[in-house]
Amino acid sequence: MGGALKGKALIAYLVVCVFWGSTYLAIKIGVTELPPFLFAGLRFFAAGLILLALARALGDPLPRRSDWRTLTIVGVLLLAGGNAFVVWSEQYVASGIASIFVVTVAMWTALFDALIPGGSGDLNWRVIAGLVLGFLGTLLLVGATPAEILAADKRGPIALTFASASWALGSVYAKRHPTLASPYMGAAFQMIVGGGAVAIVGTLLGEWQSWHLTGRAIGAIAYLVVFGSILGYSAYSYALRHASATIVGTYAYVNPVIAVLLGWLLLQEPIQARTFVAMGMILVAVVWIQLSHRLRRADGLAGGRAETAQPAGSPAGAPVNPEPEAST
């Protein structure tokens, strides 16, 4: 399994950064117009059906029964446990405060990637330093004070913490349990299952009584279906298959940067000097984490070569160090 971001995996990662960075506003609009769980669930369910039809038209086979369990677990963790609670939380916290909690996805992913057996072993002092730098950069970028964060309705931060951990766990689980389904067919199945589960929750909570489509709501759903789900989620699934979960998780740091830049370009929102400093910190953090993976790989290869060439005085029959373990 791949480790560093390169080639098509790098392109997929950049697609995730750009498209998901542009969805903050659409989610905020949608949740002010529609009940949260039906809004989140039906968006993904519709996107899953569309992507399923497109994947079949392009010749992708349906997932095998042996893959259903994994795809269901990933879909529930990412979409029902992750995205749905982000949408729900934005009823109680501003999008800026929400983004601070969402970027902890990168930290949760690195933690689970290190703790759950079979990982790439990315969590070292270099990665930890990069994660901390990226988080501090996000705090500076958003400009929220500790008092503002603590003053937020506690339901929002609690839901966001759960959502970030669930998303990270689902990402690492997907990495540990690869399936034979194509990234697009796998993403479609996950969205149908996860979106359907969230829609059922909304139905049980009686949200259909407040379901009233408006022009703004339809626009938000359409944008999120196309750019947030079909393009963004498919790209995330592809990147996760071909690169380290810890490295792919750094998309969470880049999303707020894209959101700020889009606000400046499209809404003429002002950008201050601290914004550029914060963006620089986040960029350095993401590149640093990427390079730390390559440095770890280089250290492992060098150590493997040193131990393979045994010294003349080594005892006969001493075990020779095997090839360095490939990262997942």
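Checking residue 59 against (1) touching a helix residue (DSSP H, G or I) at 6+ places or on another chain (Cβ under 8 Å); (2) part of a loop (DSSP other than H, G, I, E, B); (3) not aliphatic (A, V, I, L, M), which single condition isn't satisfied?
All conditions pass for residue 59, except number (1).
Residue check: is residue 54 over 30 Å from residue 210 (Cβ atoms), free of Cβ contacts under 8 Å to residues at least 40 places away in the same chain and part of a helix (DSSP H, G or I)?
When the stated conditions are applied, residue 54 does not pass them.
Here is a list: 271, 258. Which entry is farther than 26 Å from residue 117 by Cβ and without any contact (Cβ under 8 Å) to a residue 60 or more places away in the chain?
Just a single option satisfies the conditions, and that option is 271.
Please pick out the residue among 163, 188 that is hydrophobic (A, V, I, L, M, F, W, C), part of a helix (DSSP H, G or I), within 15 Å of the chain's Cα centre (by Cα) and under 19 Å from residue 16 (Cβ atoms).
Exactly one residue qualifies, and that residue is 163.
Hey, could you check the stretch 12-34 for residues that are more than 15 Å from the chain's Cα centre (by Cα) and at pLDDT 90 or above and say which is surrounded by the most Cβ atoms within 10 Å (Cβ to Cβ)?
Keep residues of the stretch 12-34 that are more than 15 Å from the chain's Cα centre (by Cα), which gives 25-34.
Within this subset, residues satisfying the condition of being at pLDDT 90 or above are 33-34.
Numbers: 33: 20, 34: 26.
Going through the qualifying residues, I end up with 34.
With 66, 99 as the choices, which residue is buried (at least 23 other Cβ atoms within 10 Å of the Cβ) and either among the polar types (S, T, N, Q) or free of Cβ contacts under 8 Å to residues at least 60 places away in the same chain (or both)?
Just one listed residue meets the conditions, 99.
List every residue pair whose Cβ atoms lie under 9 Å apart, where the two residues are 6 or more positions apart in sequence or sit on different chains, the first residue falls within the stretch 216-244 and is among the aromatic types (Phe, Trp, Tyr), and the second residue, located anywhere, is in a loop (DSSP other than H, G, I, E, B).
From the stretch 216-244, the pairs are 223/22; 227/22.
Do we find a residue being at pLDDT below 85 and out of contact with any Lys or Arg (no Cβ under 9 Å at 6 or more places or on another chain) anywhere in the stretch 225-246?
Checked against the condition, which is being at pLDDT below 85 and out of contact with any Lys or Arg (no Cβ under 9 Å at 6 or more places or on another chain), the stretch 225-246 yields at least one hit.
Which count do you get for residues in the stretch 220-277 that are surrounded by fewer than 20 Cβ atoms within 10 Å (Cβ to Cβ) and either over 30 Å from residue 70 (Cα atoms) or in contact with a Pro (Cβ under 9 Å, 6 or more places away or on another chain) (or both)?
Of the residues in that region, 19 qualify.
The values are calculated or read from the model by the stated rules, or taken from the named source; none is laboratory data. A quick note: this is a predicted structure, and the numbers were derived from the prediction, not measured. Positions of Cβ are generated from backbone atoms using ideal geometry, with glycine treated the same way; all protein chains shown enter the neighbour counts.
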